[in-house]
Every structure is written in C-alpha cells, then in structure tokens.
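Notes follow once the structure below has been shown.
The values are calculated or read from the model by the stated rules, or taken from the named source; none is laboratory data. None of these values were measured; they are calculated from a predicted model. Neighbour counts are summed over all protein chains in view; Cβ atoms, including those assigned to glycine, are modelled from backbone coordinates with ideal geometry.
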Ligand code: 5AD
Ligand code: SF4
C-alpha cells in the first residue's frame, strides 16, 4: 500500500525513473526526500517497487508517447502486484494534467514540478481510491516544504535550484509553458541550503535554473543578481567549487563576467547555448541576439577568464533553416571552439509558435545533425587533448570503473579517472593528465 500504514514498517520501496535535464535529476531527489519520512526507500528497479514515479521531460522528442509506452510496460507489473502505485511527474505531467488519467487507466496520480511536497498527501488519497492530480502553478513557495533532515545523503557535488521557469519564449521551447514564469528563490534560503549541504560534506555546488543567469533573488529589501549570489556563496568555508547552469546570452551581465575573473571558487566552465549561427534563424527563434552579439560576448568572457571551457546547445533543421543558414552554425562552432556541446534536431512541440510553421524534411535534419556533431566532436577532442600534460585539481566524486580507481571532475567539468583509494572521495587532488579520451581523461596523482 502506498500510505505507509501497511506493507511492513519502513520497508516501502520507491522507484523514480528520471528523464531529461539536471533539474529533473534534482527533482527526483526531492521526491525521494519528500517520501522518505513515510518510510520509502529507493528501489533500483520498478519490479519490486510499491510506488513508481516517472519523472518526465517534455523538451524534445515525443515525450508523452514515450511515457505512455513505459506505462504500458508498468501495467503488466501492476497486474501482478495489486496495490502498486504508478505516478507521472515532471513536465509531461504539468503539460497534460488530468488528461493522462483518461488515456492511461493504470496511472494513479499526476504531479507537476510545483507540487512534489504534496506527494505524501497524494499517496494517502490514492490509498483511499482517488486518482489525484496536482499540476497547477501555486503561488506559495514550494521550496519551503522539504524537511531539511529528510534529504538524501549527498555526494561531494550537489545541485541547488536557485531559479525556475523562463520568460524568454524561444519559438521552439515548451519551458515557459510547462515550468511557468521565471521565479528566483530568496538569497537567505539558498545560503542556508548551501550551508547545510556543505555541513554534510558537499564541496561543489551547481546552481540550477532554466535561465539561471537571470537570477534576481530577494535579499532583505533589495535584490541580488547571480554574480552577487556567487560571491556570497564563495564566502562559505568548506565550499570549494561553484558552477551554474543554464545561461542565456542576453542575461550575461558584466558583473557576472567579472566574477569569472575574480572569484576563484567559480569554475571555468560555462554552458551558454546559442542554438544557431544564422541571424535569420535566430530571429525566427525569437532569441533576441545575433551571432555577432554572441561572439562578442564570448570574447568578453574569455578576456575575463582566458581558459574558460564553453559549452552550448544547438538546434538544426529549425523551420526555414536553409543550407546557408546551417553553414553559419558551422562557422560559429569553428569561431568559438567549444569544449562540449549538445545538439538536437528540431522537434515541433505542440503549442509553441514554431510547431505550426513549414518544417525542414527529416532527412535534411538528420544530415545536418551528423555534420554538426562531427564538427563539435572534433572541437571537444581538441579541448580534451589540450589538457594532456597539465596538472588539474580534481574533485573526487566516486569509485572508478576499475578496482583501485577513483573518478572525479576537473575544473572544466571533464570526467577524470586515476589510481586512488575510495578514501579520497570528497577531496580535491592534483592530477597530471596523461591521456585524453572523447569523454574522459586518465591521469595520475601529482604530488
Ligand atoms: N527541438 C529541439 N531541441 C530543443 N531544445 C529545446 N526545445 C527544443 C525543440 N523543440 C533544446 C535547446 C535547449 C535544450 C535544453 O534543448 O537547444 O537549449
Ligand atoms: Fe526555452 Fe531556454 Fe529559450 Fe527559455 S531561454 S524559452 S528555457 S530555450
């Protein structure tokens, strides 16, 4: 049963399946934390879980279809285990709401990202035979509801949400509809949460937000931007590294660029999506910046922090994109020299302006994506290779794949593995990089 009253004291099992972005990874932890006081423990697989939550992502692909086919699979499990609860969370839940209940009778509850703190009450309603739906945007601060000591134990690197939602309305994107308007958390709450994380052994915090550099949190009677927040966090003893993601080029203010030059704890890595290199396409995307604006911004950031690793997001085959437009994207990739990037074929999202426009043929999209990814892979390989021979401080996060190895991250967010004991987990170790792969580096302790 789901309400914690039966099934053996404290032996209830929860399986959360996470799709999509880091925000969802963090949200899945919050769901587990909200249910921990009821005695729910994490289960690795759905097979032996009392409650299965699908934490869905709506940003690309045919997300809703994937969710329904996963529910089809879970239905078979549920038939064998009456009392198993199936819940849909995340952005698909937010977008589809109660309609999901009609389409899939196996679903017991639907919960949007603003309502995870209500999960215990929702499970109690399921136990009474209801099928609750919570997919509105409430005015209250949902961040308030999580009991501090109910949170899971943290690895040395943690995420901390500082901002949610987006007011930008890029013509391809569902985020402003599914996550709602841009909201920033108050400074004091973030600092308190960061201090609690550090007290539990966290050394690196990544500040999360769909539009994180638009952060403007209440600070007493005033407002603080992301640069100010970073400086306040940097003053916390024991916190060694700060990162933030994802940023919009138009919100990259001078004070934040200056922080990259002045705040040693702010890591030299920046995810700064541009989406496309053609001004015509950027205009059609409602990005409100040109390729030249972006390149000039990159120059200013590099002037502040010359070694910064830049990462981006790209969309190919946006409605109206010609071969010449696509070439402009390749040119921009060449000019920036990305350390890392994500790239996608445009996928029409119902309800967004671009979905109704004439589409680029699928074969064209696939061809452009392959060419772009080849270019990005070469750029990433060059960045990886350039670190060989250098000694980089690595925050050790976990045991490595091989026995006797540990794995962690360089300041540039590269995965690094080297020979070492698990006792090193949580420390920052100087590592000489001896070999570069596409996705990770091999090194040895440099003492
Ligand atoms: N089609 C393809 N890619 C998309 N993204 C967002 N919406 C879409 C879409 N409809 C990509 C953007 C964004 C990243 C998180 O996902 O590149 O930056
Ligand atoms: Fe979506 Fe990012 Fe554009 Fe906001 S800024 S609409 S989250 S792509």
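Data overview
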{"item": "Boolean, residue 250 is within 16 Å of ligand 1 (Cβ to nearest atom), closer than 28 Å to residue 58 by Cβ, in contact with a helix residue (DSSP H, G or I) (Cβ under 6 Å, 6 or more places away or on another chain) and not assigned by TED's automatic domain parsing to the domain that holds residue 24", "result": "no"}
{"item": "Test result for residue 225, surrounded by fewer than 16 Cβ atoms within 10 Å (Cβ to Cβ) and either away from ligand 2 (no atom under 16 Å from the Cβ) or over 19 Å from residue 25 (Cα atoms) (or both)", "result": "no"}
{"item": "Among residues of segment 344-366, those that are modelled with pLDDT of 95 or more, buried (at least 20 other Cβ atoms within 10 Å of the Cβ) and within 16 Å of ligand 2 (Cβ to nearest atom), counted", "result": "2"}
{"item": "Which numbered condition residue 293 misses (of (1) within 16 Å of ligand 2 (Cβ to nearest atom); (2) buried (at least 18 other Cβ atoms within 10 Å of the Cβ))", "result": "(2)"}
{"item": "Residue tally, condition in contact (Cβ under 8 Å) with a residue 60 or more places away in the chain and either assigned by TED's automatic domain parsing to the domain that holds residue 340 or surrounded by 15 or more Cβ atoms within 10 Å (Cβ to Cβ) (or both), over segment 428-445", "result": "1"}
{"item": "So residue 422, is it assigned by TED's automatic domain parsing to the domain that holds residue 275 and more than 23 Å from residue 273 (Cβ to Cβ)", "result": "no"}
{"item": "Of all residues making up segment 379-411, the number that are crowded, with 22+ Cβ neighbours inside 10 Å and in a loop (DSSP other than H, G, I, E, B)", "result": "1"}
